[in-house]
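Visitor: One structure follows; several queries about it will come next.
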Amino acid sequence: MPPRRATTKGFKRADALLTGQIRKASESRGFAQSRLLTHWAEIAGQDAAAIARPVEVSYGRGGMGATLTLLTTGAHAPILEMQKEQLRAKVNAVYGYNAIARIRITQTAAQGFAEGQVAFEHRSAPAPAAETDPAIQRRAEEFAQPVADTGLRDALARLGQNVLNKTKG
């Protein structure tokens, strides 16, 4: 069997082509290691990554510990506030030393309000509504028939359909 030639015929791996640009872009935002940006879900965990993104790492005048800024929505800020220490420990584990001293949570992007509309992980689409059996629909409408108000009667009929569909399966 002939020996295998170790040639790429002029081709390079995509990560080799992009490593320099990724490092340059991440360092401009203070990230000494781009892994914090590229592997955020693995570092912070799926739950935290679904509600927050790292925005920047800023270093103080004394150089003693950096501040990691996380972007989130208003409703998720209190949840992240309670998880600050755990997140800081996870991030410092990536750096290998106590690089991050503080975590700051912001609800807008560093650029301003217009650019601050960050798309976090999308949740899966809800399952399509099951087809309603005509017999169940008639039965739900019969239960709601004595109600005089049409809006309330329709709402009760829909509720009845949902309950009967759930108990059917």
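Visitor: Report the extension gain between Glu85 and Glu42 in nm, rounded to one decimal, defined as 0.36 nm multiplied by the number of residues separating them, less their alpha carbon distance.
Guide: 13.8 nm
Visitor: On to the next question. Out of residues 5 or more away from Val55 or on other chains, whose amide H comes under 5 Å of its own, with H placed 1.01 Å from N in the peptide plane?
Guide: Answer set, sorted by chain and number: Thr69, Leu70, Leu71.
All of the numbers you see were taken from the coordinates with simple rules; none came from a lab. What you see is a predicted model; the values in this text were computed from it and never measured.
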